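What follows is calculated from the coordinates using simple rules that are stated; it is not laboratory data. Note that the structure is predicted; figures quoted are calculated from it, not measured. Note: ideal-geometry Cβ built from the backbone for every residue, glycine included; neighbour counts use all protein chains shown.
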Amino acid sequence: MDETLKEGNLTVAAAAYPFFIRKGDPASIPALIQALNEHGDEEMARGFMFCGNYQLADAARNWAKRNKAEDLELPEEPPLTWGAEK
């Protein structure tokens, strides 16, 4: 799965963002932000917003402003946690 980011496959990275958040690799942050900006949706932005990584949370806030989705709320299910599988 790490090859996905190295190859710049942002479509796959956007679909697999929960995996990358749980893995918590700081090297994945730029590609995850780019995937959000190019292929993201409210669910992905919400996952970034509440995962515990300030860079992803900032990216989610910026995405929400650009996409007029500024009311992202804490998900009903427990949020993804940055680095939970380290």
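Filtering region 34-44 to residues that are over 15 Å from GLU73 (Cβ atoms) and either crowded, with 20+ Cβ neighbours inside 10 Å or of a type in the set (Ser, Thr, Tyr) (or both) leaves ALA35, LEU36, GLY40. Of all residues in region 54-63, those satisfying the criterion of being surrounded by fewer than 22 Cβ atoms within 10 Å (Cβ to Cβ) and closer than 20 Å to GLU85 by Cβ are TYR54, GLN55, ALA57. If you go through region 60-85 and pick out every residue that is aliphatic (A, V, I, L, M) and over 18 Å from PHE19 (Cα atoms), you end up with 4. Screening the candidates GLY52, GLY47, GLY24 for the property of being touching a residue at least 40 places away in the same chain (Cβ under 8 Å) and among the small types (Gly, Ala, Ser) yields one hit, GLY24. Here GLY47 does not fit the description of being over 8 Å from the mean Cα position of the chain (by Cα), within 19 Å of PRO78 (Cα to Cα), of a type outside the set (A, V, I, L, M) and crowded, with 17+ Cβ neighbours inside 10 Å.
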